[in-house]
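Visitor: Once you've had a glance at the structure underneath, I'll fire off some questions.
All of the numbers you see were taken from the coordinates with simple rules; none came from a lab. Every value quoted in this text rests on a predicted model; they were computed, and no experiment measured them. Counting neighbours? That spans all protein chains shown, and the Cβs are built from the backbone with ideal geometry, glycine included.
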Amino acid sequence: MRTSKRFTLLDERPINKDSFVHEWPEVGLIVTDSPYDPRPSLTLHQGRVVEMDGVAREEMDMLDLFIADHALDLEAAPEAMATPSEAIARMLVDVNVPRQEIVRLTRGCTAAKLVEIIRHLNVLEMMMALAKLRLRRTPANQAHVTNRKGTPALLAADAAEAALRGFAENETTVGVARYAPLNALAILVGSQVGRGGVLTQCAVEEAVNLRLGLKGLTSYAETLSVYGTEGAFVDGDDTPWSKAFLASAYASRGVKVRFTSGTGSEALMGHAEKRSMLYLEARCLLVTRGAGSQGVQNGSISCVALPESLPGGVRVILAENLLATMLDLEVASGNDALASHSDIRKTAKLMCQFIPGTDFIHSGYSAVPRYDNMFGGGSFDCDEYDDYYVVQRDMQIDAGLRPIREEEALAIRERGARAIQAVYAGLGLPEITDAEIEAAVTAHDSRDMPDRDVAQDLVAADDFLAGERTVFDVIRALDAAGYTDVAERLLEMSRQRVVGDYLQPSAIFDEHFHVLSAINDRNDYRGPGTGYRLQGERWQRVQDLPQALPPERFLEGQGQNPIQRLRELGPAARGSGPEVVIALGPAFGRELTETIGGLPHEAVLQELLTGIAEEGMRARLVRVHHASDCAFIGYAGAQLSGSGVAIGIQSRGTTVIHQADLAPLNNLELFSQSPNLTLASYRQIGRNAARYAKKEQVQPVPVQVDNWVRLRLIVKTMLLHRRESECVDPQRQPTELYFDWEPDI
């Protein structure tokens with residue numbers, strides 16, 4: 001049986017490690033347009049919903065009842081339901097229709113109506129709508145800060161670095177539930193070392209989470225999961241009403257609340273009720289709005305691989321983000337759980353939120369290596385920071401992060417680790433040793449950290465959670481240890497909880513504790529020239545990559561040691577006998593003295609001349625002044641050669657073997673990938689040119705092809721060619737050169 005080698009290699013691509021499945025609507029394996037999805041409808045009687053999406057009130061389940069009584073704006077509903085869905089879809093992408101008008105209408109839409117609107121939009125149109133509909137003008141980002149060992153020094157160091165890199169929120173979770181208070185404490189202290197105003201949370205069971213909030217160890221929560229079917233809610237031991245009550249409990253204590261939902265969760269739990277994933281997510285979002293949550297973490301989250309296994313899965317993940325903004329909810333738009341084996345695929349998915357911007361591009365960019373991410377691996381992690389920064393810079397997009405230097409990272413990591421060490425000492429918690437601090441500063445992941453006494457840590461964590469200690473004891477410990485600035489930031493975080501301004505929709509703090517929210521930083525995008533633009537000082541910070549060099553660095557060392565053995569004799573004449581002319585570029589051996597690959601011009605000349613001599617041929621050197629292009633340098637040399645054969649060489653090392661009767665852009669052999677040429681290559685080029693001059697049969701010089709070299713050296717290529725072109729004199733004819741050398745034969 002025949003097999004294709006290309007197909008064999010394709011089978012081994014990372015993308016083919018992902019799962020793909022055909023649709024099966026009966027079990028919920030369909031992302032949208034299930035044949036069992038209801039048609040949109042709404043009937044009101046005396047200000048009360050008596051029928052919704054084909055279900056009479058007496059037949060409604062608990063989600064229908066909650067949505068009907070708490071989630072719909074009944075004043076806007078008649079107009080919204082009567083407006084054709086295609087018309088609302090057009091409003092979404094029309095820059096002349098303000099956000100407020102769209103939100104006014106969509107608040108009156110049922111779940112089926114919302115899905116019908118989405119049906120008219122492709123991915124590009126949804127991205128355009130998302131740019132207009134997101135709540136906060138300024139995009140932001142959230143980090144995951146976890147490790148497998150629960151090591152406090154490493155947690156604090158990672159949180160401090162994440163804060164310095166620009167994350168507005170830091171989230172942790174635990175491998176062992178009892179670690180929760182110590183993990184929350186570590187990232188709280190570390191985050192405020194990095195910069196003031198970073199919100200933190202610890203994703204654990206709700207009762208414990210609320211107690212952490214009451215102690216002042218966390219400032220937001222997004223672990224309140226909601227589902228799109230009654231069966232899934234029951235399995236989750238909750239109802240929409242209990243979620244609303246819990247949200248009120250958090251908010252009453254100054255803890256910002258964001259619900260969590262995601263396409264595919266109901267199918268994964270076996271309670272899809274034949275409905276499409278998007279329809280069920282629309283129900284989740286209406287419950288979220290009805291419960292009074294100011295925002296939602298959605299984007300399929302931990303279920304992401306399930307919708308991605310189906311046709312249109314990534315489109316629907318974007319659609320659920322858009323639906324949330326249509327309901328005036330803050331959106332932390334996913335991109336957290338590992339989405340694909342393929343870097344191409346996971347990046348393509350990210351662009352749906354990265355380009356239009358959301359309130360939080362990631363609901364958890366892994367600020368730690370994937371090995372240590374306890375939230376399911378992390379789709380993007382700290383090893384990909386540089387890639388992320390470059391894409392921001394490429395597109396002039398603010399996706400919530402900024403580059404930092406290694407020395408900045410080391411300094412802030414040490415200060416974060418030292419600060420938590422001081423807190424542990426001040427509160428009488430198990431000692432954090434200096435060895436742990438030193439390891440945390442430079443560690444890649446928790447495998448680089450010393451082991452701790454887990455049993456002792458867990459006892460301390462239990463005591464902390466059960467005892468009377470709060471964030472104010474932490475503040476006193478920091479102040480006593482000399483970390484007054486960090487203590488003041490923690491005190492300000494506590495004050496802000498009392499003030500309550502960061503409970504506004506889509507609220508974050510800047511580094512000066514100024515609240516940015518949908519109230520005072522409202523998204524005002526209305527087309528070109530409006531809305532948030534990455535510019536000014538923020539743009540300067542985003543584009544300042546550590547690996548970006550000043551242009552002059554690319555030319556360091558060039559021209560410092562001109563070839564002393566190379567002298568100009570006078571105008572060059574056409575030769576009459578058998579010879580090979582070597583035609584040099586205008587800057588060769590003078591203003592430029594090395595090839596792009598770092599080979600000294602003097603050594604290159606020596607090898608070319610030696611190769612010609614090995615074939616018993618005479619060589620003559622000329623300098624071409626009127627051109628810097630390799631083809632025209634070689635062509636000019638060929639016109640002067642007695643044999644009609646010449647070698648043309650640019651200063652950066654690009655070389656050609658030319659012949660007088662060929663067109664300027666034709667040649668005998670071209671060596672365009674000069675970085676791959678070695679001294680041995682140049683010697684062989686000399687030999688081949690001599691053989692062409694003798695009219696012998698020639699085997700072309702073998703050269704290495706490197707398709708990546710242009711990416712590495714394009715800037716240096718441009719700057720070298722610019723320097724050479726500056727030496728061009730269009731009026732000056734070629735000149736004869738003398739090179740004092742002895743052949744190494």
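Visitor: Tell me, how many Å apart are the Cα centres for the range 383-401 and for the range 239-315?
Guide: 29 Å
Visitor: Before rounding to the nearest 500, sum -39500 (n - 2.57) across all DSSP H runs of length at least 4 in the chain and divide by the residue total; then give [θ] at 222 nm in deg cm²/dmol.
Guide: Helix contribution divided over all residues of the chain: -12500 deg cm²/dmol.
Visitor: Here is a further query. Mind checking the alpha-carbon convex hull of the range 5-111 and giving the volume per residue in Å³?
Guide: So the per-residue hull volume is 182 Å³.
Visitor: Using Cα pairs closer than 8 Å and at least 6 residues apart in sequence, work out the relative contact order for the range 555-739, in percent.
Guide: This gives 32 percent for the range 555-739.
Visitor: Stretched out fully, how many nm does the piece from ASP744 to SER672 gain, at 0.36 nm a residue minus the Cα gap?
Guide: Between ASP744 and SER672, full extension yields an extra 23.3 nm.
Visitor: Further, regarding this structure: Tabulate in residue order the Karplus-calculated ³J(HN,Hα) for the range 327-333, using 6.51 cos²θ - 1.76 cosθ + 1.60 with θ = phi - 60°, rounded to whole Hz; enter x for Gly and Pro.
Guide: Result, rounded to whole Hz: 9, 6, 9, 4, 10, 9, 8.
Visitor: Tell me which chymotrypsin sites (Phe, Trp or Tyr not before Pro) from the range 643-722 have a DSSP coil assignment and no more than 13 other beta carbons within 10 Å of their own.
Guide: TRP708
Visitor: Which of the aspartates and glutamates could a cross-linker span from LYS113 if the Cα-Cα distance has to be under 15 Å and same-chain partners fewer than 8 positions apart are dropped?
Guide: Reachable aspartates and glutamates: ASP33, ASP37, GLU51, ASP53, ASP64, ASP73, GLU79, GLU86, GLU281, GLU320.
Visitor: What do you get for trypsin sites (Lys or Arg not before Pro) in the range 530-608 restricted to DSSP loop and a cutoff of at most 14 other Cβ within 10 Å of the site's Cβ?
Guide: ARG533, ARG565, ARG574
Visitor: As I understand it, the value is the acute angle between the Cα axis of helix 180-194 and the longest principal axis of the Cα atoms of the chain; what does it come to in degrees, rounded to 10?
Guide: 50 degrees
Visitor: Here's something else I'd like to know. Taking H as built 1.01 Å from N, whose amide H comes closer than 5 Å to the amide H of THR218, not counting residues under 5 places away?
Guide: For THR218, whose amide H was placed from the backbone, the distant partners under 5 Å are GLY213.
Visitor: Right, another one. Compute the separation of the alpha-carbon centres of the range 319-371 and the range 537-559 and state it in Å as a whole number.
Guide: One Cα centre to the other: 30 Å.
Visitor: So for the pair VAL705, HIS626, with labels modelled 7 Å out along Cα→Cβ, what separation do we get in nm?
Guide: Between VAL705 and HIS626, the simple spin-label model gives 3.5 nm.
Visitor: Ok, one more. Can you compute the radius of gyration and Dmax for the range 152-239, using only the Cα atoms, both in Å?
Guide: Values for the range 152-239 (Cα only, Rg and Dmax): 14.4, 44 Å.
Visitor: Moving on. Taking the Cα atoms of the chain, report the difference between the largest and smallest coordinate on each principal axis, in whole Å and largest first.
Guide: So the extents along the principal axes, rounded to whole Å, are 107, 65, 58.
Visitor: How big is the range 326-376 by the Kirkwood estimate over distinct Cα pairs, in Å?
Guide: 11.9 Å
Visitor: Around ARG620, which amide H atoms from residues at least 5 apart in sequence, or from another chain, sit under 5 Å from its own amide H, with H modelled in the peptide plane?
Guide: Answer set, sorted by chain and number: VAL580, VAL581, ILE582.
Visitor: Taking the simple approach of a point 7 Å from Cα along Cα-to-Cβ for both GLU488 and ARG345, what is their distance in nm?
Guide: 5.1 nm
Visitor: Given ALA411, ASN183, LEU503, which one lies farthest toward the positive end of the charge dipole of the chain, if we put +1 on the Cβ of every Lys and Arg and -1 on the Cβ of every Asp and Glu?
Guide: Farthest towards the positive pole: ALA411.
Visitor: Which net charge results for the neighbourhood of ARG526, defined as the other residues with beta-carbon distances under 9 angstrom from its beta-carbon, given Lys and Arg at +1 and Asp and Glu at -1?
Guide: +1
Visitor: While we're here: Residue by residue through the range 504-519, which ³J(HN,Hα) values in whole Hz follow from phi under the Karplus form 6.51 cos²θ - 1.76 cosθ + 1.60 (θ = phi - 60°), with glycine and proline marked x?
Guide: 4, x, 6, 8, 9, 10, 7, 5, 9, 6, 7, 6, 10, 8, 5, 8
Visitor: Among residues other than LEU465 whose Cβ falls under 10 Å from its Cβ, what is the net charge (Lys/Arg +1, Asp/Glu -1)?
Guide: Here the charged neighbours net out to +2.
Visitor: Could you tell me which of LEU549, THR288, LEU679 has its Cα farthest along the dipole of the chain towards the positive end, charges placed at Cβ (Lys, Arg +1; Asp, Glu -1), taken about the Cα centre?
Guide: The one lying farthest along the dipole's positive direction is LEU679.
Visitor: Using the Cα centre as the reference, give the magnitude of the dipole from point charges on the C-beta atoms of the range 555-739 (Lys, Arg: +1; Asp, Glu: -1; all else neutral), rounded to the nearest 20 debye.
Guide: Once rounded to the nearest 20, the dipole reads 60 debye.
Visitor: Moving to a separate point now. Could you list which residues have their amide H under 5 Å from that of GLY364, counting only those 5 or more apart in sequence or on another chain, with H placed in the peptide plane?
Guide: GLN142
Visitor: What distance in nm separates the two pseudo spin-label positions at TRP24 and GLU556, each 7 Å out from Cα along the beta-carbon direction?
Guide: About 6.1 nm, to one decimal.
Visitor: Just need log10 I(q)/I(0) for the range 555-739 at q = 0.13, 0.15, 0.16 Å⁻¹, Debye formula, equal scatterers on the alpha-carbon atoms, no solvent, rounded to two decimals.
Guide: Log10 of I(q)/I(0), two decimals: -0.57, -0.78, -0.90.
Visitor: For the chain, take the longest principal axis of its alpha carbons; what is the angle in degrees between that and the long axis of helix 406-427, to the nearest 10 within 0 to 90?
Guide: Between helix and principal axis, roughly 30 degrees.
Visitor: Take every Cα-Cα distance within the range 84-237, group them into 10 Å bins from 0 onward, and report for each bin the whole-number percent of pairs it holds.
Guide: Spelled out bin by bin, the range 84-237 gives 10, 28, 22, 25, 15, 1 percent.
Visitor: Roughly what angle does helix 679-693 make with the longest principal axis of the chain, taking Cα atoms, 0 to 90 degrees, to the nearest 10?
Guide: The angle comes out near 50 degrees.
Visitor: Please state the charge dipole magnitude for the chain, taken about the Cα centre, from unit charges on C-beta atoms (+1 on K and R, -1 on D and E), reported in debye and rounded to the nearest 20.
Guide: 2020 debye
Visitor: Near LYS17, which lysines are there with a Cα under 26 Å away, not counting those fewer than 8 places off in the same chain?
Guide: LYS5, LYS346, LYS349
Visitor: Moving on to the next point. What is the local net charge at ILE344, summed over the other residues whose Cβ is closer than 12 Å to its Cβ (Lys, Arg +1; Asp, Glu -1)?
Guide: Once all neighbours under 12 Å are counted, the net charge is +2.
Visitor: Classify the range 245-323 from the C-alpha gyration tensor, please: rounded if a/c falls under 1.5, else prolate or oblate depending on whether a/b exceeds b/c.
Guide: Prolate.
Visitor: Tell me whether the range 580-639 comes out rounded, prolate or oblate; compute the Cα gyration tensor, take square roots of the eigenvalues as a ≥ b ≥ c, and use a/c under 1.5 as the rounded threshold.
Guide: Judged from the Cα gyration tensor, the range 580-639 comes out oblate (a/c at least 1.5, b/c at or above a/b).
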